[in-house]
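Worksheet: the structure to be examined is printed underneath.
The values are calculated or read from the model by the stated rules, or taken from the named source; none is laboratory data. If you're wondering where the values come from, they're calculated on a predicted model, not measured in any experiment. Reconstructed Cβ throughout: ideal geometry from the backbone, glycine too, with neighbour counts over all protein chains shown. Accessible surface is based on the protein model in full, side chains and every heavy atom, while ligands, DNA and RNA are left aside. Shrake-Rupley method; radii C 1.70, N 1.55, O 1.52, S 1.80 Å.
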Amino acid sequence: MVSELFLVSAQDIDIVSYHFYGALSERCGGAHGAEAALSEEWLARTDQTFAFYRELRDRVLPGKPIWLTETAESACGGNRWSSTFLDTFRYLDQLDDWRGRACKVVMHNTLAASDYGLLDEATHLPRPNYWGALLWRQLMGTVVLDPGVSTQPGLHVYAHCLRSRSGRCGVAWHQQ
C-alpha cells in the first residue's frame, strides 16, 4: 500500500522524508520501559525502519536523499525518562547510525515541549539530549570512518574525523 501511494507522486519528489518513534509512550498504552532503553532490540529499531525507507527509496527514487524529519524516544509525548541521560544513548546512537548512510538530515521532534523536548518546557533549561546534540555537532565531523569493530551487544563504536580538522584526519588502531 505504501509503495503504491509513493509511486503515484514519485515524479515530483525531491527528498524522501520520514518520522521515527521506536514505540508508543506509556501515555498511550505503550509497554516500553526504562529497563529496555539500552537493549540491542530497542537500539536496532532505528536500523530496521531506515532499511524499510531506504529499500522503498531505492526502488522508486534511486539516488534521492533521505531525511529523518522527526524523531524522539517514543510517540505520544515520550516516556517520563526520555528527558534523562538514559535516552541520550539512543539519541547519539541514532545520530551516528544515519551519518554514514544515505540519510543526510536528522531532526529532533521538538525543542521545548513534552518529555522528549531538548529543553525543559517550564524552565527552558537544556536536557541531556540537547547537550548530546551540541557535543555531537561540535566534535563529530562529516567524514565517517570505519572503526574496524562491528556493533556487538553492549558495544557500539563510532569513528569520525573531528569537525575542526576540515575533514583531514588519521586513524590508528592498536591491538595487543
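Put Arg127, Arg137, Arg45 in order of accessible area, highest first, and with a 1.4 Å probe you get Arg137, Arg45, Arg127.
Taking amide H as placed 1.01 Å from N in the peptide plane, Gly141 has its amide H under 5 Å from the amide H of Cys161, Leu162, Arg163, each at least 5 places away in sequence or on another chain. Computed with a 1.4 Å probe on the full set of protein chains, the accessible area for Ser17 sits at about 60 Å².
Rounded, prolate or oblate for the range 80-151? Axes are the square roots of the Cα gyration tensor eigenvalues, ordered a ≥ b ≥ c, and the cut-off for rounded is a/c under 1.5. Please list the in-between numbers first.
Numbers: a/c = 2.36, a/b = 2.06, b/c = 1.15.
In terms of gyration-tensor shape, prolate.
Built from the Cα atoms of the chain, the convex hull projects on average onto 12.6 nm², one quarter of its surface area.
Sorted largest first by accessible area at a 1.4 angstrom probe radius, with every protein chain in place, the residues Lys104, Lys64 fall in the order Lys104, Lys64.
Calculated [222 nm] ellipticity per residue, helices only, for the chain: -10500 deg cm²/dmol; basis is -39500 (n - 2.57) per DSSP H run with n ≥ 4, divided by all residues, nearest 500. For the range 8-91, just say rounded, prolate or oblate: build the C-alpha gyration tensor, square-root its eigenvalues into a ≥ b ≥ c, call rounded for a/c under 1.5, and beyond that prolate if a/b exceeds b/c, oblate if not. Prolate. 3J(HN,Hα) along the range 124-141: 6, 7, x, 9, x, 5, 4, 5, x, 5, 5, 4, 4, 5, 7, 9, 8, x Hz, from the Karplus curve 6.51 cos²θ - 1.76 cosθ + 1.60 with θ = phi - 60°, whole Hz, x for Gly and Pro. Ranking Glu26, Glu40 from most to least accessible surface, computed with a 1.4 Å probe over the protein chains only, gives Glu26, Glu40. For the chain, the residue among Ala122, Thr142, Thr49 whose Cα projects farthest onto the positive side of the dipole built from Cβ charges is Thr142.
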